[in-house]
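The values are calculated or read from the model by the stated rules, or taken from the named source; none is laboratory data. This structure is a prediction, so every number in the text was calculated from the model and none was measured. As a convention, Cβ positions derive from the backbone with ideal geometry for all residues, glycine included, and neighbour counts pool all protein chains shown.
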């Protein structure tokens with residue numbers, strides 16, 4: 001097994017709470033599906049071995065497990081003999097469990113395609129870094145949104161959601177949206193909050209008719225304040241963040 005980051009890989013960002021990765025089995029399912037799609041072979045992933053690597057990464061990052069959560073990035077890379085797996089401490093979180101970010105960044109959308117665009121790969125990380133930089137330097141926006149034509153797909157590697165009235169919209173995976181654990185947890189939280197959930201394309205031309213726009217990642221929910229001239233509130237998203245735990 002590999003312990004150093006590879007140049008080509010698929011990955012997952014995981015929320016760790018009390019030293020334990022949340023939704024580990026689902027993360028491994030998505031990682032295995034992505035690996036098979038990109039490299040043509042289904043990896044055999046041992047959840048116990050992965051959990052041990054995560055624990056090592058937390059110790060290496062001096063994570064205070066008793067107080068707050070953290071995010072860890074898990075990379076799966078092809079190896080001559082086996083799947084190379086590495087885990088790295090990413091950042092300490094301000095709270096324990098999924099939470100609502102206090103920041104409401106502006107976003108800018110960009111129409112672009114990347115190899116294996118619906119899967120979390122190193123291509124996705126490189127594109128996200130580049131377009132986030134373009135959004136900030138050119139427009140003062142903190143996040144970039146990937147779209148294909150009129151369809152909004154994701155905010156970096158994080159699934160994107162829109163709210164109109166009591167209806168939650170998220171672009172279907174079949175349209176190229178990014179799969180992720182938090183996509184499912186937000187949809188489940190919306191069901192519990194008695195919102196109508198529609199897996200339908202979030203259209204760029206309809207942004208101004210949306211009440212809220214937000215992303216969900218390993219930390220929790222981040223509400224977008226503005227995207228391409230459309231302005232949004234943050235009313236229901238905080239309640240969904242609470243319901244994710």
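Filter the stretch 163-176 down to the residues that are surrounded by 22 or more Cβ atoms within 10 Å (Cβ to Cβ) and touching a helix residue (DSSP H, G or I) at 6+ places or on another chain (Cβ under 8 Å), then identify the one that is farthest from residue 232 (Cα to Cα). Spell out how you get there, then give the answer.
From the stretch 163-176, those surrounded by 22 or more Cβ atoms within 10 Å (Cβ to Cβ) are 163, 168, 170-171; that's our starting set.
From what's left, touching a helix residue (DSSP H, G or I) at 6+ places or on another chain (Cβ under 8 Å): 163, 168, 170.
On the way: 163: 10, 168: 14, 170: 16 Å.
Here the answer is 170.
Search the stretch 66-82 for residues being over 14 Å from the mean Cα position of the chain (by Cα) and surrounded by 21 or more Cβ atoms within 10 Å (Cβ to Cβ), and hand back the single one that is modelled with the lowest pLDDT.
First pass over the stretch 66-82, keeping only residues over 14 Å from the mean Cα position of the chain (by Cα): 66-70, 75-82.
Applying the additional criterion that residues be surrounded by 21 or more Cβ atoms within 10 Å (Cβ to Cβ) yields 69-70, 75-76.
Details: 69: 90, 70: 93, 75: 95, 76: 95.
Among those residues, the one meeting the criterion is 69.
Of all residues in the stretch 33-61, how many are closer than 27 Å to residue 18 by Cβ and free of Cβ contacts under 8 Å to residues at least 24 places away in the same chain?
5
For the list (1) in contact (Cβ under 8 Å) with a residue 60 or more places away in the chain; (2) closer than 20 Å to residue 243 by Cβ; (3) crowded, with 22+ Cβ neighbours inside 10 Å, I need the number of the one condition that residue 184 fails.
(3)
Just one of (1) free of Cβ contacts under 8 Å to residues at least 60 places away in the same chain; (2) surrounded by fewer than 19 Cβ atoms within 10 Å (Cβ to Cβ); (3) in contact with a helix residue (DSSP H, G or I) (Cβ under 9 Å, 6 or more places away or on another chain); (4) farther than 18 Å from residue 37 by Cβ trips up residue 115, so point out which.
(4) is the only condition that residue 115 fails.
Checking residue 99 against (1) within 16 Å of residue 157 (Cα to Cα); (2) buried (at least 18 other Cβ atoms within 10 Å of the Cβ): exactly one of these is not met. Which one?
(1)
Quickly run through the stretch 217-232 and pick out the residues that are touching a residue at least 60 places away in the same chain (Cβ under 8 Å) and either closer than 13 Å to residue 160 by Cα or crowded, with 22+ Cβ neighbours inside 10 Å (or both). Talk me through it step by step, then tell me what you get.
Our first condition is that a residue be touching a residue at least 60 places away in the same chain (Cβ under 8 Å); within the stretch 217-232, this holds for 217-228.
The answer is 217, 218, 219, 220, 221, 222, 223, 224, 227.
It is to be established whether one or more residues within the stretch 190-206 are under 25 Å from residue 96 (Cβ atoms), out of contact with any helix residue (DSSP H, G or I) (no Cβ under 8 Å at 6 or more places or on another chain) and surrounded by fewer than 16 Cβ atoms within 10 Å (Cβ to Cβ).
Within the stretch 190-206, the subset under 25 Å from residue 96 (Cβ atoms) is 190-193.
Checking the rest, the ones that are also out of contact with any helix residue (DSSP H, G or I) (no Cβ under 8 Å at 6 or more places or on another chain) come to 191.
Now drop any that are not surrounded by fewer than 16 Cβ atoms within 10 Å (Cβ to Cβ), which leaves 191.
Looking through the stretch 190-206, at least one residue is under 25 Å from residue 96 (Cβ atoms), out of contact with any helix residue (DSSP H, G or I) (no Cβ under 8 Å at 6 or more places or on another chain) and surrounded by fewer than 16 Cβ atoms within 10 Å (Cβ to Cβ).
Pick out the one residue from 116, 123 that is under 24 Å from residue 42 (Cα atoms), in a loop (DSSP other than H, G, I, E, B) and out of contact with any strand residue (DSSP E or B) (no Cβ under 8 Å at 6 or more places or on another chain).
Checking each option against the conditions leaves just 116.
Is it true that residue 123 is under 24 Å from residue 38 (Cα atoms) and either within 16 Å of the chain's Cα centre (by Cα) or surrounded by fewer than 20 Cβ atoms within 10 Å (Cβ to Cβ) (or both)? Working first, answer last.
On the way: under 24 Å from residue 38 (Cα atoms): yes; either within 16 Å of the chain's Cα centre (by Cα) or surrounded by fewer than 20 Cβ atoms within 10 Å (Cβ to Cβ) (or both): yes.
Spelling it out, residue 123 is indeed under 24 Å from residue 38 (Cα atoms) and either within 16 Å of the chain's Cα centre (by Cα) or surrounded by fewer than 20 Cβ atoms within 10 Å (Cβ to Cβ) (or both).
Got a number for residues in the stretch 148-167 being under 26 Å from residue 71 (Cα atoms) and touching a strand residue (DSSP E or B) at 6+ places or on another chain (Cβ under 6 Å)? Show your work before the answer.
Going through the stretch 148-167, the residues under 26 Å from residue 71 (Cα atoms) turn out to be 152-162.
After this cut, where a residue has to be touching a strand residue (DSSP E or B) at 6+ places or on another chain (Cβ under 6 Å) as well, the list is 152-155, 158-162.
Of the residues in that region, 9 qualify.
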